[in-house]
Structures are given as C-alpha cells and as structure tokens.
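Undergrad: Please find one structure pasted underneath; my questions will follow.
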Amino acid sequence: MTRTTRWHIAAALALLLLALLFGALAAFAYLLPSFSDALPFQQLRPAHVSAALFWIITGATAGVLHYKDDTFGYRSHVPLHAGFLGLWLATIVAVFMAYGLGRFGGREYWEFPPLLALPMLLAWLLLMAHYLLAWVRRSPDPPLYVWMWTTGIVFFLITFIEQNLWQLPWFRETYMREITVQWKSNGAMVGAWNQMIYGSALYIMTRISGDEGIARGPKAFLFWFLGLSNLMFNWGHHIYNAPTASWIRHLAYGISMAEWILFINIIRGFKAKLDENRRHKHLTAYRFLIAAEVWVFLNLFLALLMSIPAINRYTHGTHITVAHAMGATIGINTMILVGSICWMLRYDERASDQRWMERARKFTMASLLVFWIALIVAGILKGWRITALGIEDFQQVMQPVTQVLFVFAVAGIGILVGLGYIGIRLLCLCLKSPLSTSSGAPTPVTQSFNQ
Amino acid sequence: MWMRYALAALSVCFVAGSWFAYRGASTNAPASNQVRQGMRLWQGNNCTACHQLYGLGGYMGPDLTNVHSDKGEARIRTFVRYGTGRMPAHAMSDAELDALVAFLGWVDRSGRSRVPQEAVHWTGTYHFEQP
Ligand code: HEM
C-alpha cells in the first residue's frame, strides 16, 4: 500500500468520525431549541450531511484506487493520486469553514458555496487520470467489478457537472426545471458511488472466496445493467408529487418495480450465503460485508414500497425519507466501506481486538435498527397526520412525532459509540507503520498485496 | 462485445431522457429578476436545511411549497423577520423580503405539493398533468 493510500484511508475515517459527531449534535439541536442557539441546526445539518457524503466518496475512492493496482497489475502515477487527495481535502476543509462562517450554497446535500465545486471538479479529473492510466492496461475481458468502478467514476463526473448546471439561467427559468436538475443529478450520483462501493465489495468477495466466477457470467452483468438503468432513470421517484411530465413518473415507477427481481434474487441467494457465512465468519471484513447485506434487504424493501406513488403520497416529505437515506448510507455504504478498510489495512492480521470490534459492530447494528425504525414510525405518524387527518398547524402535527424522535436521538448516540469505536480503532491502525503486525495476531487468510 | 453495445444504447437513452426531461419542463411562469434574487436569498440563508419544497429538504420545519397561497404573504414576512423559538430571525431589508416572497409565490404557482386522492391511479401511479 502506498503512503498516499494510507493518508487517503485516514482522511476518510476522520470524515466518518466528524459525520457521527455532527449528526449527534444535529439531532439534539433539532429536538432542544435552547441547544440550537449555540449550535444552529442550519449549520449542523449541512456539516453532518457533507461530512457523511465526503466520508462515503473518500472511502469509496480509497478502495477503488487501491484495488485497481492489484487488478490491473500496474501502479499508476502516485503524484496524480496525491494531487487528487490534497486538492480534495483542502476543498473539504474550505467547505467546513464556509459552514462555520454561515456561507451557504443552499442546494440539498451539497450546501456549500458553488465556487468550491471548481476545485472539487479539478480534483476529480486528477483522480480519473490516475485511474484511467491503469485502466488502459486492463485485460480484454475484465471482471464485473472493473466495469462497476469505471462507470461509477465516470458517472460521478457526469452527475457532478449536472448538479452544477443550475448556475446557467436557463435551468432556473421554471421551478420544474430547477427541481428536476437538482434531484435528477442527486439521485444519479448516489447510483454512481454505489457502483464504486459495490464494485469493491464484489472484488473483496472474489478474493475471499477465491472464486472469480461470481464477477463473471450473464446473470451478474444483467443485474449490473438493472442497477445502471436505475441510476439513469429512477430519479423520478424523488419528485413524484411535482407536476413534471407523466413519462418521468411512469418510467421511474416501472424501473423501481423491476428491482423486485433483484429483491427476490437476494432472498433466493440467502441460503447459499448462510453456508458461506459459516466458512468465512472469522474474517472481520467479511462480517461487515454481510452486515451490509442485511441492510440491503431492509432498505430495498422500504424503498420499493416508497416507490409506489400511492404509498409515496403518505411517506414523501416525512422522516421515512431520512430513514431511507441514513439506512442506506450507514447500513449499506458505511458497512461495506468499513469492511473494505479492514481488508485494505489487513485488520485481522495486524490487530488483536477482534472481539471488541465484533461487539462494536453488533452494537452499531442494534442501534441502527432502533434508529431506523424510530424514523419510520416518526414518518408514518407525520404522514398520517398531514395527509389522512389533514392537520394544518405544523406544531400540532409534530407533537407526537417529536417524542418518537427522542428515541431516534438516543439510538443515534448508540451509533456514535459503536461506529465511533470502529472508526477510531481503524484510524489508529492506519496511522501505525504499514506492515507491522501486532503480537500474536492470527493470520487467517493470505491476501494478495502488492508491496 | 454485446456489453459495449448495450452500454452505448443505455447511454444514448440517458442523454435523450435528460434532454426531454429538461426541455419538457413547463415554462408557464418564467422566473423574473426578483424571483431569481429571492432564489439566491433562499439558498444563501439555507432555508433548505429546515424546510422542504415539494417534500425535499430538511425536516425540522414545514413544507413551504404552497405557503404563499395557503397562509399568505404576511405570514412569510413575519416568520422570516422575527423567527420563532425554533426558527432563527433573519435580518433582511424590505426589498429582500419582497424578493423572497416573490420566489415562494413563483414556487407556489408551479403546482401543489400534496397530491389529491383523485390523482391516484389504480396501478398505483399518479395521473396529473402539468398546470
Ligand atoms: C456514518 C453515519 C451517518 C451517515 C452516513 C449519515 C447520513 C445522513 C444523510 C445522508 C442525511 C440526509 C437525510 C435526508 O434528509 O434525506 C442525514 C441527516 C441527518 N442525520 Fe445522519 N448520518 C449518519 C449518522 C448520524 C447519527 C449518528 C445521527 C445522530 C442522531 C444522525 C442524525 C441526523 C439528523 C438529525 C439528520 C437531519 C434530518 C433532517 O433533515 O431532519 N446521523 N444523515
């Protein structure tokens, strides 16, 4: 592993810790007005959401750039990687400074002043150059994860540019165009980083099982295609209730319903997974990947229900959306990324606190389940009171909802503690000299590392 | 090889879909300069952190898509200027408040955030056309 990669991983973990901290603070600023005098919610929320998204993107790119060396058998220019990392992190620091000063761009999820998108774009181009220099040396028939990484990286660029198109006056001529450009690009960008993350999960799975076959064959590619069309056309579900052209709604509905195929396939594959689980469960990375699998199942089920407009009518604009967003970003993305970081840092070989790690993982999973259910219950209550009971006064709508949100906030502290332990532990391991192993740690599998 | 063709076909659909999605967006109420200024104020003050438009945004405060017609201009001015226990007060000039109100009025005229029961089709999708 190069030193740049180590810094890359360390930065990602630091962002995870920041996201957790800001998230817990935001939850209390939300619930206790006196708290938000000191730490205003309109600053904490963007700080939390940006830290979370940056954690995911930084963690995802760390994996792709590291695994590509092994896959393509060629290590491309380290200076390009370092250039990306430096520029990327400097921009992130500037983003947090802007929030601290109360300077906003006010776009959902990317709430920083738009000028900062420029250095970010430049950083991404450096990353692409670094990746593509290795990619051109790929074998003629690359495994699926290579396709996933490449489409993820390219689509991130496309959606990032699209997201900033609102600066052209034409896109703000009508509100429908304005809302379309925001949600079309945001929805697809989630798909783009998922391609990178799932690609890395697949890569690790092939390495653990020693079976490249799972990353090949028509079925694997078919599902990848479904995911890709989802990325391109499913954004319509974000704005079902807005009076856009009907085909946008029908297409998004059709594509989401096609995803049931994926869902049924997951259930069918479950038994095979259980057998495999017995064989590999001593591997920490594997446990995190399997934890993500559970959350794929839960979130896909929720998402499929929300994608039916008749149900969306009640759930849209409620905390169910937050359950969907955080359920997926914590349960799926964060779990896979933590697994991937364990794998890159050779956690099982180099550490000896597997038991604590496992406790922290279980504690995080349990807290997340409570957190997620509390958000769903809060959402159902709010949706019911607004849409079915037709209550107009906001304070009255929120009265019972707020009580449920206290449960959410307490469970959030649980996530902070559990994931916080995992993050700090991995950060320490990452900052330790790269190849030292701690005394007596077992070496469960041999992993291929090129150094 | 078929992978490349399929990927190319999908990309073409993506480009065409993007074009139609943006082109087709209703142009009933083009944004005036005042609306554009209001939009900048909405973004610069990060109202999105606590409020939604068409259900999208943060969830601390209510959805404001139709606040202009449902609750009236005066309410918008009072809330923004004086705040509440939970919403911060915003120091804004009268011209700025006018712009913000114009922006919310413009959003309001684009449609209704809440979908009426009648719009739900038996297949589960919605049937309503652009205003
Ligand atoms: C790595 C862990 C986490 C990730 C990746 C994450 C991600 C996110 C994302 C993507 C959103 C935007 C949701 C939306 O409005 O659609 C969000 C909002 C939020 N998160 Fe987290 N989150 C994490 C941990 C936490 C924790 C531990 C808490 C503490 C309770 C928390 C509290 C919140 C709050 C209060 C909001 C704002 C919801 C609103 O708009 O009303 N998050 N988070």
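The values are calculated or read from the model by the stated rules, or taken from the named source; none is laboratory data. Quantities reported herein were computed from a predicted structural model and do not represent experimental measurements. So basically every Cβ, Gly included, is an ideal-geometry build from the backbone, and we count neighbours across all protein chains shown. The accessibility values were calculated without ligands, DNA or RNA, using every heavy atom of the protein model including side chains. Shrake-Rupley method; radii C 1.70, N 1.55, O 1.52, S 1.80 Å.
Undergrad: Please compute the per residue accessible area over the stretch B:31-119 with all protein chains in place, 1.4 Å probe, rounded to a whole number of Å². Don't skip to the end; give the middle numbers.
TA: On the way: 3820 Å² over 89 residues.
That works out to 43 Å² for each residue.
Undergrad: Residue farthest toward the positive end of the dipole of chain A, with Cβ of Lys/Arg at +1 and Asp/Glu at -1: which of A:204, A:398, A:77?
TA: The residue sitting farthest along the positive end of the dipole is A:204.
Undergrad: Next question, about the same structure. Lysine pairs in the protein assembly as shown with Cα distance under 18 Å, only those 8 or more apart or on different chains: how many are there? Don't skip to the answer; put the middle values down first.
TA: Details: A:219/A:273; A:271/A:281; A:273/A:281; A:281/A:362.
Qualifying lysine pairs in the protein assembly as shown: 4.
Undergrad: Only helical DSSP H runs with n ≥ 4 go in: add -39500 (n - 2.57) per run for chain B, normalise by residue count and round the 222 nm mean residue ellipticity to 500 deg cm²/dmol.
TA: Numbers: 5 runs with 65 residues, N = 131.
Here the helix-only value at 222 nm equals -15500 deg cm²/dmol.
Undergrad: Just the projected area, averaged over all directions, of the convex hull on the alpha carbon atoms of chain B: how many nm²?
TA: Taking the Cα atoms of chain B, their convex hull projects to 11.5 nm² on average.
Undergrad: For chain B, give the magnitude of the charge dipole about the Cα centre (Cβ charges: +1 Lys/Arg, -1 Asp/Glu; no others), in debye to the nearest 20. List each step's numbers first, then the result.
TA: Numbers: 12 positive and 9 negative charges, 51 e Å.
It comes to approximately 240 debye.
Undergrad: Which distance in Å, rounded to a whole number, links the C-alpha centroids of the stretch A:138-179 and the stretch B:42-62?
TA: The stretch A:138-179 and the stretch B:42-62 have Cα centres separated by 24 Å.
Undergrad: Let me ask another. Tell me the per residue accessible area of chain A using a 1.4 Å probe; a whole number in Å² is fine.
TA: Values: 17030 Å² over 451 residues.
Heavy-atom accessible area per residue stands at 38 Å².
Undergrad: Given the DSSP H assignment, sum -39500 (n - 2.57) over each helix run of at least 4 residues in chain A and divide by its residue total; what's the result at 222 nm in deg cm²/dmol, nearest 500? Before the final figure, lay out each step's value.
TA: Details: 16 runs with 335 residues, N = 451.
The per-residue figure over chain A is -25500 deg cm²/dmol.
Undergrad: To the nearest 100 Å², how much accessible surface do chains A and B cover up together, summed over both, with a 1.4 Å probe?
TA: Numbers: alone 19950 and 9690 Å², together 23590 Å².
What A and B bury together is about 6100 Å².
Undergrad: Using the Karplus equation 6.51 cos²θ - 1.76 cosθ + 1.60 (θ = phi - 60°), what ³J(HN,Hα) coupling, rounded to whole Hz, does each residue of the stretch A:282-297 give in order, writing x for Gly and Pro?
TA: Taking θ as phi minus 60°, the curve returns 6, 8, 4, 4, 4, 4, 5, 5, 5, 4, 5, 4, 4, 6, 4, 4 Hz for the stretch A:282-297.
Undergrad: Can I ask one more? Counting only protein heavy atoms and using a 1.4 Å probe, what share of the accessible area of the protein assembly as shown belongs to carbon plus sulfur, as a whole percent? Please report the intermediate quantities before stating the final value.
TA: Working: 15710 of 23590 Å².
So the carbon and sulfur contribution to the accessible surface is 67 percent.
Undergrad: Also: Would you compute, for the Cα atoms of chain A, the largest minus smallest coordinate along each principal axis and list the three values in descending order, in whole Å?
TA: Projected onto the principal axes, the Cα atoms of chain A cover 63, 49, 45 Å.
Undergrad: What's the center-to-center distance, using Cα atoms, between the stretch A:394-422 and the stretch A:277-304 in Å?
TA: That distance is 24 Å.
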